[in-house]
Amino acid sequence: MMRKTTSFLIFLLIFWWSSAACGKVYIDINSPGFQKFPVAIPEFKNLGKAGAEDNLSAWFADQLSRSLKITGFFNIISKDAFLENQAGAGITAGEIDFSDWSGIGSDFLVKGGFSYDGKKLAVEFRLFDTIEGKLIAGKKYWGKPEEKKAMVLKFADEILIALTGGTGVFDTKIAFAGRKDNSSEIYTINFDGSDPVKITAYNSLTLLPHWSPDGSEISFTSYKDGNPDCYITNPASGKTKKISSFRGLNLPSSWSSDGRKILLVLSKDGNENIYIKHLDSGKLQRLTNDRAIDVSPAWSPDGRKIAFVSNRSGSPQIFIMDSEGKNIRRLTFEGSYNSSPCWSPDGTRIAYEGSSNGRFQIFSIGENGDNLLQLTFKAGGGESPSWSPDGRYLVFSSKRGGRERIYVINSNGLNPRVLPGIRGVKSFKSPSWSQHLNLY
Amino acid sequence: MKRNLIIVGLMVLICSFSLIFVGGCAKDQAVMGDVELAQIQPSAEETAQAQAQAQAQAEKEAALREQALKEKALEEKLMAEADSFKNIHFSFDKYDLSPEARDILGKLADWMLKYSDFEVTIEGHCDNRGTIAYNLALGERRAGAAKAYLANLGIADARITTISYGEELPADPGQNEAAWAKNRRDHFIVFPKKQ
């Protein structure tokens, strides 16, 4: 899983990277007034032998458009609006008439060219600011033809760094439980919806996947041996171990950031309580000891606090305690049912699902209970939110359109996107977003 | 020599067939047993002995089978009886027992006290509103509430198993109050104690 494929992909900064040098501030994507970056991506120019891989001209433009669109931060200008005569148009600043692009409302322009010598593919990308008529970022990559998507994603990251100050999450995956009839299995899928992989095949109820912080393992609960036991699997090796099988519930929740501890819910003593399982020693440390239901614990990124759900005050609400189980305080007071807390990567906010007018929707709230935001409003609602590792997105399940599917939204609630269906999966549940996996 | 053996075997087979038919309780398995005996003991004297044994065996097996059938019929009758206390229902996000639920549990307890060879598995279920993990816990509580009630009525702990399926196995896949009400349930499965 953690394979670093960049070793064969030689890349080089060959152009002036002006955003770093003159520090132009582009728009803050988290601001409420954020408008998507309008960008035009005309077909790439074949700089090599005519006829060699000509179809790549359109492929590069399409793939980059799709990847940028998926981020939710770009408005891709339609080809129909283009004024530039594309045949023979140049790809460097001196060869471009920027008014052709600023005139159609495209503040940004990506130009690219490639050449293929039968063995190696060389691709160059340039991002321009069309208002000021200057280059913002440029890169050239060499590699095998099958590495072309990796090259596009690499440059998409460069564009995101230049315009938003942070990389994208193209090298992340989302794990979820895929349901068919009376069984469900764990699957993973890339951020952009490509490459779905079935991780388990137990023909049983298998639920609640959670990525380990280094992305090499996934914890989950399965009824495959009759009782809801807790397992950890390594998708790359296929090696799976049972880590908890007390009578009753064995539900895994979040991992500690060093990957050595896991939060568990066990009902072995009659009440559902929260425990830390130390993976090295196998030792169990009990954190809550209440007659109420305590479930869904989630560690803060610094490991000092744990958010969890308890009905100790009557209905399910979110509480926060320290990592020793002390100093319990209630976080949510609005609504009669709040659940599934997930801490933002910067530790300032908690996303959760809460009932609103009889439906469950996604909310986020400051960790001190301030600044409550409702992020989804559709009739299909939202359940089980999980943050992307950069904190810019949330993934959740929703029954919009009848079937439960996985949706991604920007953390301000805008730009919903549904992940594609998978053959043999009828409904999609409890998504978990991985950390960066260095996939390309 | 070998051919003789087969002929004798066939004769034995025919004899035993007719004997059993006279006995009026032909059973396939009994016949199979006779063939094997005949092949091992081909002498006339021993064949007669074998026939007698076979008949005794067949009668014994038939009696056993009849008893098993009777037991099975009884079991089915009991299970059908148990159908009348198969499910109890709950309010949303609740696991306390309603008067109707207590009534049904009372019947189940009476039945289990009467038929002490039976055990019960209590499955706790929820409707699919709310969280998977919380609903697994809620299902656990619902099953636990029924188990505690049965235990109070004198059913031994060892005869009751509980398991929660949360919102994972709805009785009705509908997305409306009627379906949800059906899904918020304890489901009881009675079965004869495993020997």
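Observations on the structure shown:
- Hits in the stretch A:98-156 (condition: farther than 14 Å from A:PRO42 by Cα, in a strand (DSSP E or B) and not small (Gly, Ala, Ser)): A:TYR116, A:LEU121, A:VAL123, A:ASP129, A:LYS134, A:LEU135, A:ILE136, A:LYS139, A:LYS140, A:TYR141, A:TRP142
- Looking across the stretch A:55-78, the residues that are within 24 Å of the chain's Cα centre (by Cα), buried (at least 18 other Cβ atoms within 10 Å of the Cβ) and not in a helix (DSSP H, G or I) come down to A:GLY72, A:PHE73, A:PHE74, A:ILE76.
- Scanning the stretch A:288-316 for residues that are more than 10 Å from chain B (Cβ to nearest Cβ) and part of a loop (DSSP other than H, G, I, E, B) gives A:THR288, A:ASN289, A:ASP290, A:ARG291, A:SER300, A:PRO301, A:ASP302, A:GLY303, A:ARG304, A:ARG312, A:SER313.
- Among the numbered conditions (1) surrounded by fewer than 14 Cβ atoms within 10 Å (Cβ to Cβ); (2) within 28 Å of the chain's Cα centre (by Cα); (3) within 14 Å of another protein chain (Cβ to nearest Cβ); (4) closer than 24 Å to B:LEU169 by Cβ, the only one that B:THR121 does not meet is (1).
- Residue under evaluation A:TYR223, criteria (1) hydroxyl-bearing (Ser, Thr, Tyr); (2) farther than 26 Å from A:SER300 by Cα; (3) touching a residue at least 24 places away in the same chain (Cβ under 8 Å), criterion not met: (3)
- If the condition is being over 24 Å from B:PRO192 (Cα atoms) and surrounded by 11 or more Cβ atoms within 10 Å (Cβ to Cβ), then the stretch B:55-74 contributes B:GLN55, B:GLN57, B:ALA58, B:GLU59, B:LYS60.
- With a requirement of 1 or more residues that are modelled with pLDDT under 80, out of contact with any Ser or Thr (no Cβ under 7 Å at 6 or more places or on another chain) and closer than 30 Å to B:ASN183 by Cβ, the helices (runs of 4 or more DSSP H) lying completely within the stretch B:22-115 that satisfy it span B:44-82.
- Tally, over the stretch A:160-184, of residues that are of a type in the set (S, T, N, Q), more than 15 Å from A:LEU127 (Cβ to Cβ) and either more than 14 Å from every other protein chain (Cβ to nearest Cβ) or crowded, with 23+ Cβ neighbours inside 10 Å (or both): 2
Condition check ((1) in the same structural domain as A:GLY143 (by TED's automatic domain parsing); (2) at pLDDT below 95; (3) touching a helix residue (DSSP H, G or I) at 6+ places or on another chain (Cβ under 8 Å)) across all residues:
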| position | (1), (2), (3) |
| --- | --- |
| A:TRP387 | no, no, no |
| A:TYR393 | no, no, no |
| A:SER397 | no, no, no |
| A:GLY402 | no, yes, no |
| A:ASN410 | no, yes, no |
| A:ARG423 | no, yes, no |
| A:TYR440 | no, yes, yes |
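- Flag if B:THR161 is crowded, with 20+ Cβ neighbours inside 10 Å and within 12 Å of chain A (Cβ to nearest Cβ): no
- Among the residues of the stretch A:369-408, those that are surrounded by 22 or more Cβ atoms within 10 Å (Cβ to Cβ) and of a type in the set (A, V, I, L, M) comprise A:LEU394, A:VAL395, A:ILE406, A:VAL408.
The values are calculated or read from the model by the stated rules, or taken from the named source; none is laboratory data. All values reported here derive from a predicted model rather than from experimental measurement. Counting neighbours? That spans all protein chains shown, and the Cβs are built from the backbone with ideal geometry, glycine included.
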